[in-house]
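Nothing in this text is a laboratory measurement; each read-out follows from the coordinates by a stated rule. On a predicted model such as this, the values are computed, not experimentally measured, just so you know. Here the Cβ is made from the backbone with ideal geometry for all residues, glycine too, and neighbour counts use every protein chain on show.
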2 protein chains.
Amino acid sequence: MSDLIQITYKISCPPGVSIEKLSMEIALEQTVEVPLECIPTREIRESVVGQVLEIAPVRTEQHQYNVKIGYHPDLTAYQIPQFLNLLFGNISMKKNIRIVELSLPDRLVASFSGPKFGIAGLRSTLGVFNRPLAATALKPLGSDPARLASLAEAFARGGGDIIKDDHSLADQPFCPFRERVSQCQRAIARANSKTGHNTLYFPNISGSWEQMQAQVEYVVSQDVKGILLSPWLIGPDFMRYLAKQYSLIIMAHPAFAGTYFHDPSHGIKPAILLGTLFRWWGADISVFPNYGGRFSFNPQDCRELSQALREPWGNILPAWPAPAGGMSLDNIGEMKKEYGQDAIYLIGGALLKHSQDLSVSTRDFMEAIHSNFPKQPEVSAKEMISKRPQHSWAEKSFGKILEHLPLQDDFCWTGRDPFEYKQKEQADFKDITRHELIGRYGESTSFDLRYFQIEPKGYSSPEKHRHEHVIICIRGQGILRQGNKAILLKEHDIAYVPPFQEHQLKNESDQPFGFFCIVDHVRDRPIKLGVI
Amino acid sequence: MSDLIQITYKISCPPGVSIEKLSMEIALEQTVEVPLECIPTREIRESVVGQVLEIAPVRTEQHQYNVKIGYHPDLTAYQIPQFLNLLFGNISMKKNIRIVELSLPDRLVASFSGPKFGIAGLRSTLGVFNRPLAATALKPLGSDPARLASLAEAFARGGGDIIKDDHSLADQPFCPFRERVSQCQRAIARANSKTGHNTLYFPNISGSWEQMQAQVEYVVSQDVKGILLSPWLIGPDFMRYLAKQYSLIIMAHPAFAGTYFHDPSHGIKPAILLGTLFRWWGADISVFPNYGGRFSFNPQDCRELSQALREPWGNILPAWPAPAGGMSLDNIGEMKKEYGQDAIYLIGGALLKHSQDLSVSTRDFMEAIHSNFPKQPEVSAKEMISKRPQHSWAEKSFGKILEHLPLQDDFCWTGRDPFEYKQKEQADFKDITRHELIGRYGESTSFDLRYFQIEPKGYSSPEKHRHEHVIICIRGQGILRQGNKAILLKEHDIAYVPPFQEHQLKNESDQPFGFFCIVDHVRDRPIKLGVI
C-alpha cells in the first residue's frame, strides 16, 4: 500500500446516496473513465482503477466522509501534467470533492528533486542565520524601471533581505523586463557594496512560452540569484524545469490558484497545492496569503501549509513559508509566534506606507525583526557548511575539508585520491581520471575545483550543458574541441566553455595532459552527444 | 472605453458593506496592489488602476452586484500569463467574486490569432459538411498500444470522424507515447485506405516541459493532423504557442479547470474560460461536459459556451463545441436541438458499451447522426503544411568573453592585462598584482578566476570574510597564513580558506610567487584587519 499514491478526498454524501458508490465513481473517473463492465482485462481492473482503501465519516461535519483511494504511480507517467490530471483532472468538474491529504510513494517522490537551496541554502547565500528573512515587493505596477530600481536600492540600503518584483510586473511596454532587471540588479549591487549585506533581487518571470527561457537566461547573465514564478499562470512544470536546470532560488507565487481552495467543500487544500506540491517541484519559497490580511486563509490553513513546506521529507529539502498579503510591521510579534524564524516575512504595501523613505521603513522593519529575534554570534564556518545544499544528481564524495592539499608525485594531491572519470556505461571516454579537490567535502563554495588527467590518445566524453567550464592546463598539452574549433592548450593556458557549447578534451601528444576544471557547484546534467 | 479590457464581476455585497468600496478594492488588487495613497503619480492613478465603469444590482439575486471594471490592455504585456493574472490572479484568493462577462479591445485581441482551422478548416480536412462530427476517445487507461490501435482502427472502419486519446494517456511505461501514436496512426491510415473516409486521430500531448515539443514534432512526423491538449495541465500559453507554430488541429480539454466554475458565486464562467479564451488562444475544438451527463454543467452554461466559441468575432475563426462526459447514442436528437450541426458529438464510454465491436457501435453512431442530418457529398482534404519550430533561447551573445586565454611570457594572459591589486588607501599590501581572468566579462559562472602575483618580500592585505578562497600555487612558492598557522605553498599545491578565517599571503622567497585564486562571483566584502 505504501507503493501507492494515496489521496484522501472529503466527499459530501447526502442521505440515501451510497458513499461506496460515490467513492468507486471517483476511482473510475480518475483512471479508466469507463463503466466497470467495459474494462477489458482483469489486470486493468486490479492495477489501474483506483483502489478504495478507506471510508470514514468526518466527525465534525454531517454527511461528510473522508475517502482514501490508492493509485499506482505508473499512472502519472512520473510527470507533472498527468500527475495533476490524476489528482484532480476530471473530478474538478464535479461538486463537493476536496482533497485533504496526499501521500506519495518514494518511487514517485524521486521523480522530482525538490528545492535546490531550501532553508539552509538561502541562509548560506544571504549569510543570515537565526532570524526570519525580511522581504518586500517592487510596486506599484505602472512605475518605470528607474523608479523601481530606486526602491530596490532603498530597501537594500535599509538592510532588507529579499526584494521581489510584484507578480504583475511582466514585460509591459512602460516597464520592459530587461531594463527593469538590469537597473534593479545594479541598484542592489550598489547598495550591497556599501552595506556589506547581500540583499537579493528576484525578478518575476512571466511571458510567452517562447520568451520565458530567454528571460531566465538574461537574469542569469545579470548575476541575479533568484526569481519569482507564478506556477498556475506559467504552467507548474516550467517551475520544475527551471529548478532543475538553473541554480536560481525559486520563489513561487499563488496567483490564479485561489479557486482551488476557496470553497471548504471543494478543491485541494492549500497545504497540498502551495506546500507539498510546490516544494516537491522545486520551490525554495512559497508565498501565501497570511490569515488576518486581505485574503481568505485561516490560521489552520497557514499552519498546515508551513508544516508541509518545512517538515522532514526524505531527501527533499525544507522550503520557506512566506506569509504575505496585507501584513504590516505590527504583525511581526504574531508572525514570530506562528512561523518562528524559518520563514520569510513579506510586507509589501504597508512598508511603502510606513514612511516616505523605503530605506527608513526597511530599517524599522529590520529593527522590529531584530527586537523579536535576539542577535546571534557569528556562525561558525562548520555550522554553515553543514547546511549546504548538494547537487542532487552527483554522487556524494566522502572526505574532510582540507585547508592544505600539497601536490604529491605524479599529480595527485594528499587526501584527494583520484576517482573514476565517469561510469563507463554512461559515456564514451578513454584513459582519463578525475580528482575532486574542493567543493565536495563540505565546503560552501559555489564552485567545485577538479583536476582531470588524460593519458596519450585518451579523450573525455563529448557533451554540452548549461553550466560553463573554466579550464586551466597545468601539465603537458591537449586539445579542447569547441564545436568545430580546436584550441591547443599548453601549460597555464586557460579556456572558457560557454553555455550549451559542445565540447570535448583530447590528448594527441605522447605525455599526460592535466588540467584543472572549475564548474558551478550546483549545475545541470550534461547532455550526452555522439563523438564530435 | 472600447480601448479598455472590460471585465464584469458578479460580487456578493452583504448589507452594510459599500459596493463602491469593494469594487475599488478589486480595481487596486488586480493592478497596483497598494492603497490609493501610496500611488506615486497621477498617471499611474489614472491609467494603471482599474476604472470602475458600472455598478448594477443583479435583479434575480439579493446582495449581488454586477461591477464592470476597465483596464488598459498594456497591463497584460499582451501575453497570456499576465493576462490571466490581471483577470483573476490575486482575487482568485478572495471569496464571492465571479467573472461573468469579458470584452477585449481589438488591439489586445490581435495579439493572438485564434484557431488556425476553426469550423470550416476542420470540415474541409475531413470532407464532411452539413452534419455534426462524431468523435470518441481511446480508452481505458492501462491498455497497451496494440489494443488502442485496434480500437482506433475499428472506429475508423465504422466511419467515425475523430478519435482522440483519453486525456489521461500520457507517456506511461505500459503505453509509451511514441508506440501508441505510431500504432494508432498506422491503424487509422489502414482503415482510411479501405473506407475512403478521412478519420482523424488526435494524440494527447502531456509530458515534461522538455519533452512536449519533441512529442509534437514526433506527431507531425507521423502525419498526424491534430492533437488533444489540456491547457490547465500543461500551461495555457503552450497551447497558444503550438497553435501558432504548427499546422495541427487543436482540441482543448477542460481537465483541472473545474474549480474555476463549480461555484456560481466564484470563479470564471465556463463560457469565458473554455469558450472565449480557448478560442482566442487557438483551440479549434473545446471539449466540455454536456449537461445531463456525469458533470455539473447546466444547459445555460453549455449554450453560452457554444455561443462564445461560434459567434462572429472579428478575424478570429469560429471554433467547435464538443459536448462530452456521459453522453450516449440516445442523446443525439437532443444534442441536435441544443448544438445543431456545427458541433462535435463526443461519446466515449457509452460507445464502447454499446456493442462488443467498436466498428459496429460506430456505424450505429453514424447512422444516428445521418438519420438526424441529411447526407452530404464527400470533399477531398486540403494539404497541410507543417512548420519547424525555432528555439529562441539557443543563441546568446557574450560581449568580451574569451574562449581561449593563452599564457604569454612572464605570467600574463592574452586579453587580460593585470589590474592594480587594490586601492592603496583601502588596504595594507605590498608588491602584488591581480589578473582578472574569468567571471567579470559577461560569463555566467558563479565563480571568478583570478591570478595574483606577489614579488619577493611582498604580501597581500590581511583580511577575513564570509566567502571562501581556493588557492592554487602555479609559480614559485609562498606562505599562506591562516590565523596562527603558516602553510608553505609550492607549485600546484592547493589551499582552501574557510569562511571567516583570517588570512594573508606572503612571499618570503627571492622569486615571484604566483597563484590562482577562485572565489564566489557574488561575495561579501572583506573585513579589514591589522597585519597579522
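Quick notes
- With a Förster radius of 51 Å applied to the C-beta separation of residue B:294 and residue A:303, the computed FRET efficiency comes to 0.90.
- Order of B:508, B:443 - criterion: other Cβ atoms within 10 Å of each residue's Cβ, fewest first: B:508, B:443
- Based on Cα contacts under 8 Å between residues 6+ apart, chain A shows a relative contact order of 12 percent.
- Converting the Cα gyration tensor eigenvalues of the range B:118-372 into ellipsoid dimensions via √(5λ) gives semi-axes, longest first, of 25, 22, 17 Å.
- Ordered by the number of other Cβ atoms lying within 10 Å of each residue's own Cβ, fewest first, A:327, B:366 fall into the sequence B:366, A:327.
- Cβ-defined net charge surrounding residue B:238, 12 Å radius [Lys, Arg +1; Asp, Glu -1]: -1
- Averaged over the residues of peptide A:447-455, the number of Cβ atoms from other protein chains lying within 10 Å of each residue's Cβ is 3.
- Positive-end residue, the range B:5-109 charge dipole about Cα centroid, Cβ charges, pick of B:30, B:97, B:48: B:97
- Radius of gyration, Dmax [the range A:229-387; alpha carbons; angstrom]: 16.6, 49
- Part-to-part distance (alpha-carbon centres) for the range A:276-295 and the range A:144-221, which is given in Å: 21
- Residues in the range B:266-292 that a label on residue B:373 would reach, taking backbone N under 14 Å of a point 7 Å out along Cα→Cβ: none
- FRET efficiency for the residue B:414 to residue A:334 pair, using the beta carbon distance and R₀ = 60 Å, is estimated at 0.50.
- Between the beta carbons of residue A:17 and residue B:217, assuming R0 = 30 Å, the FRET efficiency works out to 0.05 to the nearest 0.05.
- Taking N as its residue count, the alpha carbon Rg of the range A:5-109 over 2.2 N^0.38 Å: 1.06
- 23 Å Cα-Cα threshold exceeded, pairs from A:94/B:95; A:95/B:68; A:400/B:485; B:457/B:490: A:95/B:68
- DSSP-defined beta bridges in the protein assembly as shown - what % are antiparallel, rounded to 5: 75
- When restricted to Cα atoms, the range B:419-528 yields an Rg and a Dmax of 13.1, 38 Å, respectively.
- Antiparallel DSSP beta bridges within chain B, percent to nearest 5: 70
- Footprinting exposure proxy for B:481, B:310 (fewest neighbouring C-beta atoms within 10 Å first): B:481, B:310
- Using the Cβ of residue A:26 as centre and a radius below 15 Å, the other residues enclosed give a net charge of +1, where K and R count +1 and D and E count -1.
- Alpha-carbon centroid distance for the pair the range B:456-508 / the range A:462-532, whole angstrom: 28
- P(r) tail fraction, the range A:157-198 - alpha-carbon pairs more than 16 Å apart, %: 41
- Translational diffusion of the range A:77-182 was estimated from the Stokes-Einstein equation, with Rh taken as the Kirkwood radius over Cα pairs; at 37 °C and 0.692 mPa s the coefficient is 183 µm²/s.
- Beta bridges by DSSP in the range B:118-372, antiparallel share as percent, to the nearest 5: 5
- In whole percents, the pair-distance distribution calculated for chain A from its alpha-carbon pairs, binned every 10 Å from zero, is 3, 16, 23, 23, 18, 11, 4, 1, 0.
- Ranking A:205, A:366, A:238 by Cα position along the charge dipole of the range A:132-384, where only Lys, Arg, Asp and Glu carry charges on their C-beta atoms, puts A:366 farthest toward the positive end.
- The alpha carbons of the protein assembly as shown give a radius of gyration and a Dmax of 31.3, 104 Å, in that order.
- A Cβ-based charge dipole, computed about the Cα centre of the protein assembly as shown with Lys and Arg at +1 and Asp and Glu at -1, lands at about 660 debye.
- Put a plus charge on the Cβ of each Lys and Arg, a minus charge on the Cβ of each Asp and Glu, and nothing anywhere else: the dipole of the range A:5-109 about its Cα centre is then about 300 debye.
- For residue A:44, the shell of other residues with beta-carbons less than 13 Å away shows a net charge of -3, using +1 for Lys and Arg and -1 for Asp and Glu.
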